[in-house]
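Rule-based calculations on the coordinates, nothing more; no lab input. Remember, it's a predicted structure, so these values are computed and weren't measured experimentally. Don't worry about glycine lacking a Cβ; one is built from the backbone with ideal geometry, like all the others, and counts go over all protein chains shown.
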Amino acid sequence: MTHVLKIEDLHVAVGDKEILRGVNLTINHGETHALMGPNGSGKSTLGLAIMGHPGYEVTGGAITLDGRDVLAMEPDERARAGIFMAFQRPMAIPGVKMADFLRHATTNVRRPERKEGEELIPMREFRKELKEKMEHLRMDSEFARRYVNDGFSGGEMKRAEILQLAMLQPKFAVLDETDSGLDADAVRLASESIADIGHQKMGLLIITHHDKLLEHNPPDFTHVMLGGRLVETGGKELADELHRHGYDRIRKAYPEAEAANQEMLAEESAAV
Amino acid sequence: MSTDAPAKPEIGEINKYNFRTETKGIFKAKKGVNREVVNQISDIKGEPDWMREFRLRSLEIFESKPMPKWGGAIDINFQDIYYYLKPTASQGKTWDDVPQEIKDTFDKLGIPEAEKKFLAGVKAQFESEVVYGSLEEELAKKGVIFTDTDTAVREHPELLREYFGTVIPPEDNKFAALNSAVWSGGSFIYVPKGVTIDFPLQAYFRINAESMGQFERTLILVDEGANVHYVEGCTAPMYTTESLHSAVVEVVVKRNARCRYTTIQNWANNIYNLVTKRAYAYGDATMEWVDGNLGSKLTMKYPAVHMMEPGARGEILSIAFASAGQHQDAGAKLVHEAPNTTGQIISKSISNKGGRSSYRGLVSVMPGATNAKNNVVCDALILDSESRSDTYPYIEISEQDVQIGHEASVSRIGEEQMFYLLSRGLTEQEASTMIVNGFIEPLVKELPMEYAIEMNRLIQLQMEGSVG
Ligand SMILES: Nc1ncnc2c1ncn2[C@@H]1O[C@H](COP(=O)(O)OP(=O)(O)OP(=O)(O)O)[C@@H](O)[C@H]1O
Ligand SMILES: [Mg+2]
């Protein structure tokens, strides 16, 4: 059976600000979907709502994984059910070593039935696997002893997110600008690694403003978000068009969504 | 009694403190404290007159002193406590001499394991007197003295008479006076000039008699250029009636010498833990207190370093964890008495399930202590809205040319941090425990390995049931 992540008429608000206004999206396991759209259109919000961020309130619609109600699950249950998100801005956890954090995470995700306090993956086995994956990502082994995202450079943070993707092997992954803040070499390395780890092996939802990542992970579908809705869906050629020509055509074609987007941006700057 | 070899205890087993071994006390002094009880203690120990007089004088001071007006609420009936209990007729010389029931307790504490491994200096205090201890030959060869303080009074009278009660005189405070009157057990260490001990000397002890005060007395003398790390860890069984632990620790660090004193204490919830710890650091000497306080009903503890001569350094690292029904009033005291002295305090406190932690610190720069440098950092983490944290920093400066820094922060576990960990499959409990362990990591990494592991496990125990 192929796994399916299904999003139906999803509405999401932060406080009393409505951000997503009816998103529909179905991702089958093994498919790659590109999610594009101008700044502030709601791409990260969709990812965070899928992952269950408590600040993003689902006010309508449904998310299911193989028919199971994802919205009824806590974020940790979602992770254990096989959902992952590489964050645009990962959080620092001072004093917690990458290796300890990853060993807990990997154990829980691989053994969803594990009770608290039960044994973790054996240290030796875990270290060996982590070492291999880190070498593959050309990460220094010292990295495992650093504190989670604490004082990481932008590039290190993104690479650490990819390392987590590699260790956790989810069924579905949202990658939120995992290619941003990287130099040209690092973008290529990240793109290749993601292709290696996830392309056609997971359901991928790739949020990006650049073309490199999609070159290595050619999308089966490209979706354009504007004003909190997916206004257009196409194939890889749509992504190419947007990279080349930007969002002018889209903005003109969907004036209502464009107005909603402007409104959100205006609220944002009013809030600042 | 079973003769089976006990299951190999792990160091972490020390944490499981709610067991209790029946004690056949050979002698128990009467409840309460008065001249008769103090004389009796001195008689049984066969002490020289100077110590008996010191005890009796301290008793008078104790009786005349008021209770401290700061810190936490203390509700103790001093006449309802046993001040002395002698568990065995004589001090155990070898492991074979130690009674089985005491061995059973030690097994649960991991002592035999420690013994097997080399920890030469393990001094285990059972009840109020050291019953078992072994000194490694190596130490003896270097001229190091590591013994219980009772033995030291008999065998090293010249050192004891010169230093005992000089760093913390009985006049210092009511509880120091009480300890001075009824003290029993504790460690005496003398490290000769230029001698470095390259493994930590350790002591384990625990309280195991109901309503039974534990008044150990420790004196450490580190001679010029010498270096020692002393570690005490202890756990206490759970009891329902009030219990008092009031220790006095005096340390003298001579020129160019270095001493680190590490404590991890996890007391049962009904214990008052009122401890006075102070060190004198002389020219270019370094004194470090690493102090971890968990459990107890009320802990009041402010390790102090007096920097007596130029170039002396004092450093205090303090971790306090206050959970339900607990008040940790912990802190530090640094007194700059000479020029070019440097002091640092780093304090981390955690309050959980309605617990209360307070940082109480004093930084004092005396007249003449020019170019003193001092830096204080205290961070508090509050885990829920019922819990509380306060900071009471006192600064007294009598010199112009000094550098004093003070930073304080209070934080809660951030929603974003929590979400990040949950999104990776950690449960709320695991995530918050991880964040708390991360919070104290900069101090925990200063601990010897087995204590660092124990500390993390203690935190885990304290965090159980704290969410959801
Ligand atoms: N936590 C929040 N609090 C307030 N407003 C928010 C929050 N998260 C998102 N928003 C608002 O929702 C809108 C969509 O934000 P989102 O981060 O989802 O956009 P995006 O498409 O990912 O943009 P970008 O390409 O810049 O990353 C923006 O107007 C933003 O300000
Ligand atoms: Mg975004």
Checklist outcome for this item: Spelling it out for B:Arg360: with amide H atoms placed in the peptide plane at 1.01 Å from N, the residues 5 or more places away or on another chain with amide H under 5 Å from its amide H are B:Ala330, B:Gly331, B:Ala332, B:Tyr392
Checklist entry - Using modelled backbone amide H atoms (1.01 Å from N, in-plane), which distant-in-sequence or interchain residues come within less than 5 Å of A:Leu226's amide H? => result A:Val231
Checklist entry - Kirkwood-based Rg over Rh for the protein assembly as shown (C-alpha set), two decimals? => result 1.08
Checklist outcome for this item: Rounded to 0.05, the calculated FRET efficiency for the beta carbons of B:Glu415 and B:Asp80 at R₀ = 56 Å is 0.70
Checklist entry - Picking from A:Lys43, A:Lys212, A:Lys131, which is most flexible by a Gaussian network model of chain A using Cα springs under 10 Å? => result A:Lys131
Checklist outcome for this item: Counting only residues 5 or more apart in sequence or on a different chain, those whose built amide H sits under 5 Å from that of A:Thr26 are A:Ile7
Checklist entry - From the backbone phi of segment A:255-269, what are the Karplus-calculated ³J(HN,Hα) couplings (6.51 cos²θ - 1.76 cosθ + 1.60, θ = phi - 60°) in whole Hz, Gly and Pro given as x? => result x, 5, 5, 4, 4, 4, 4, 4, 4, 4, 5, 5, 4, 4, 6
Checklist entry - Tally Lys and Arg at +1 and Asp and Glu at -1 over the other residues with C-beta under 12 Å from the C-beta of A:Arg244: what net charge comes out? => result -4
Next on the checklist: Compute a Gaussian network model of chain A, connecting alpha carbons closer than 10 Å, and tell me which residue from A:Gly117, A:Gly246, A:Gly37 fluctuates the most.
Outcome noted: A:Gly117
Checklist outcome for this item: Kirkwood radius from Cα pairs of segment A:1-56 plugged into Stokes-Einstein at 4 °C, 1.567 mPa s, gives D in µm²/s equal to 105 µm²/s
Checklist entry - If one computes the Cα centroid of segment B:239-282 and of segment B:338-384, what distance in Å separates the two points? => result 17 Å
Item to check | Unit Cα scatterers, Debye sum, chain A: log10 I(q)/I(0) for q = 0.08 Å⁻¹ | outcome: -0.33
Item to check | Net charge over other residues, Cβ less than 13 angstrom from the Cβ of A:Leu71 (K, R count +1; D, E count -1) | outcome: -3
Checklist entry - What ranking do B:49-60, A:49-60, B:296-307 get when scored by the average of other Cβ atoms within 10 Å per residue, highest first? => result B:296-307, A:49-60, B:49-60
Item to check | Flagged links, alpha-carbon separation over 26 Å, of B:Lys69/B:Lys333; A:Lys133/A:Lys158; A:Lys133/B:Lys348; B:Lys30/B:Lys174; B:Lys69/B:Lys301; B:Lys277/B:Lys445 | outcome: A:Lys133/B:Lys348
Item to check | Kirkwood hydrodynamic radius (C-alpha pairs) into Stokes-Einstein, segment A:35-154, 37 °C and 0.692 mPa s, D in µm²/s | outcome: 198 µm²/s
